[in-house]
Amino acid sequence: MKVTQLMISKGFGGAERYFVDLCAALGQRGVAVQAICHRRFVRRAELEESYGVDVCPVMVRGTWDVLAQSAINRLVGKHCPAVLHAHLARGSHFAGRAGAKLGLPVTAKTHNYVDLKYYQHVDHFIATTLKQRQYLLDKGIEASRITVIPNFTRLPGVEALPAPSAHESVFMSYGRMVQKKGFDVLLSAFRQYLDRTHAGYLLLGGDGPESIALKRLAGDLGIGDRVRFCGWVEDVSAFLDQGDIFVLPSRDEPFGIVVLEAMARGKALISTRTQGPMEILDAETARLVEPGESPSLALAMEETALDRSGREARAARALRVFRERYSEAAVVPQLVQLYTSLARVR
């Protein structure tokens, strides 16, 4: 089977991680993958190193860029895929127009709650969550045009739960350092946690426009010696394996691939009750708190640190759920099956 994956993005976040991982996973399964990406995509080299992936960079200045559209049409026509799989708004805009011109089926992954004006020529939608599916239904998209397939991670699941730190619990979190990720709430909660327990460390990975302010906040809270800012996380497994308890403090989280990565590494989980995590986690797999509430988060951190047997039981259940629902082996075959059915209908 031939498939074109199309994402026009220069930066790197959860959607871009999914795009890169999916291209690699399909290539390893014998799918002939054409990956059309922005010429300045920061993970272009990683794509080019993936087995079975033909990387086709294009320069795109905006959705109005007719030269970019023409280049994309030529690339897709040359590859002649069974299906075009688009990601994010600009990717869906260009893929939809290419599919309409070439008579090819187009499916778009809704990584968030999308503006449908960019999806006018999309035949089928892949919703990440049930809430995203309902959003599309509310916008008038027919149920027959929507399939719910969750995100996945290529991170290998551990064979057994890791041993906890010998003395003090090590908390960790990572992601883009932007306001909606709630790292300021986590720092405030960690200050309160230390006031109660006087023991523990926090590893904070990632980078972004809030990074300087967060470092300043840690200093103002007097926890600079207990918080380590690790920068952008390249080796996720190595980062997660340094700690005991993963915390997702997001104010808003449409899905949260980082949650899957923590589940895969057998970590105890604390998460806010946001859209994506609430479809992945429950009281049997994690401690859940309301977003933006540092006292509640601090209490959850304290209870998780002190209740070693309980956190191990939840981590074990979370690892089992990961293997059954969110591993590469569980999710990628669903996508291949969808591609096959879309190609047949067209």
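If the chain were replaced by its equivalent ellipsoid, with semi-axes equal to the square roots of 5 times the Cα gyration tensor eigenvalues, what would those be, largest first, whole Å? Before the final figure, lay out the partial values.
Working: eigenvalues 291, 82, 66 Å².
After diagonalising the Cα gyration tensor, the semi-axes are 38, 20, 18 Å.
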Which of 124, 167, 85 ends up with the largest GNM mean-square fluctuation for the chain, with Cα atoms connected below 10 Å? 167
222 nm mean residue ellipticity, helices alone, for the chain (DSSP H n ≥ 4; -39,500 (n - 2.57); rounded to 500): -13000 deg cm²/dmol
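Which value, in nm² and rounded to one decimal, describes the direction-averaged projected area of the C-alpha convex hull of the stretch 70-145? Could you put the intermediate results ahead of the total?
Numbers: hull surface 18.9 nm².
The Cα convex hull of the stretch 70-145, projected and averaged over all directions, gives 4.7 nm².
State in Å² the accessible area per residue of the stretch 34-111; use a 1.4 Å probe, count heavy atoms of protein chains only, and round to the nearest integer. Mind showing how you got there, number by number?
Details: 3320 Å² over 78 residues.
On a per-residue basis, the stretch 34-111 sits at 43 Å².
Rounded, prolate or oblate for the stretch 194-346? Axes are the square roots of the Cα gyration tensor eigenvalues, ordered a ≥ b ≥ c, and the cut-off for rounded is a/c under 1.5. Intermediate results must be reported in sequence, preceding the final value.
Details: a/c = 2.18, a/b = 1.68, b/c = 1.30.
Since a/c reaches 1.5 and a/b is larger than b/c, the shape of the stretch 194-346 is classed as prolate.
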Could you tell me which of 257, 63, 275 has its Cα farthest along the dipole of the chain towards the positive end, charges placed at Cβ (Lys, Arg +1; Asp, Glu -1), taken about the Cα centre? 63
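Report the FRET efficiency, 1/(1 + (r/R0)^6), for residue 215 and residue 290, where r is their Cβ-Cβ distance and R0 is 30 Å, rounded to 0.05.
On the way: r = 26 Å, r/R0 = 0.87.
Calculated value: 0.70.
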When a/c reaches 1.5 or more, the comparison of a/b and b/c decides; with that in mind, is the stretch 82-195 rounded, prolate or oblate per its Cα gyration tensor? prolate
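Would you mind getting me the FRET efficiency between residue 343 and residue 139? Use the beta-carbon distance for r and R0 = 22 Å, nearest 0.05.
On the way: r = 26 Å, r/R0 = 1.17.
E between residue 343 and residue 139, to the nearest 0.05, is 0.30.
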Under a plain spin-label model, where a point goes 7 Å from the Cα along Cα-to-Cβ, how far apart in nm are residue 230 and residue 102? 4.0
What full-extension length gain, to one decimal in nm, is calculated for residue 325 and residue 313 as 0.36 nm per residue of separation minus the Cα-Cα distance? 2.5 nm
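Please say if the stretch 142-247 is rounded, prolate or oblate, where rounded means a/c under 1.5 for a ≥ b ≥ c the square roots of the C-alpha gyration tensor eigenvalues, and otherwise the choice is prolate for a/b larger than b/c and oblate otherwise? If you can, show how the numbers build up before the last one.
Details: a/c = 2.17, a/b = 1.41, b/c = 1.54.
It is oblate, given that a/c is not under 1.5 and a/b is not larger than b/c.
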Using unit Cβ charges (K, R positive; D, E negative) and no other charged atoms, how large, in debye to the nearest 20, is the dipole of the chain about its Cα centre? 1380
Amide H partners (placed H, <5 Å) of residue 205, local residues excluded: 173, 174, 175, 230
Note down the magnitude of the dipole of the stretch 206-346 about its Cα centre, charges +1 on Lys and Arg C-beta and -1 on Asp and Glu C-beta and zero elsewhere, to the nearest 20 debye. 440
As I understand it, the dipole of the stretch 22-163 uses +1 on the Cβ of Lys and Arg and -1 on the Cβ of Asp and Glu, about the Cα centre. Which of 53, 157, 122 lies farthest toward its positive end? 122
Top mean-square fluctuation among 139, 215, 131, Gaussian network model of the chain, C-alpha springs under 10 Å? 139
Working note, the stretch 1-119: Cα radius of gyration (Å, one decimal) and Dmax (Å, whole number) are 12.7, 35
Using only the heavy atoms of the protein chains and a 1.4 Å probe, how would 109, 117 rank by accessible area, largest first? 117, 109
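The values are calculated or read from the model by the stated rules, or taken from the named source; none is laboratory data. This structure is a prediction, so every number in the text was calculated from the model and none was measured. FYI the Cβ positions are ideal-geometry reconstructions off the backbone, even for glycines, and counts take in every protein chain you see. SASA here: full protein model, heavy atoms, side chains in, ligands and nucleic acids out. Shrake-Rupley method; radii C 1.70, N 1.55, O 1.52, S 1.80 Å.
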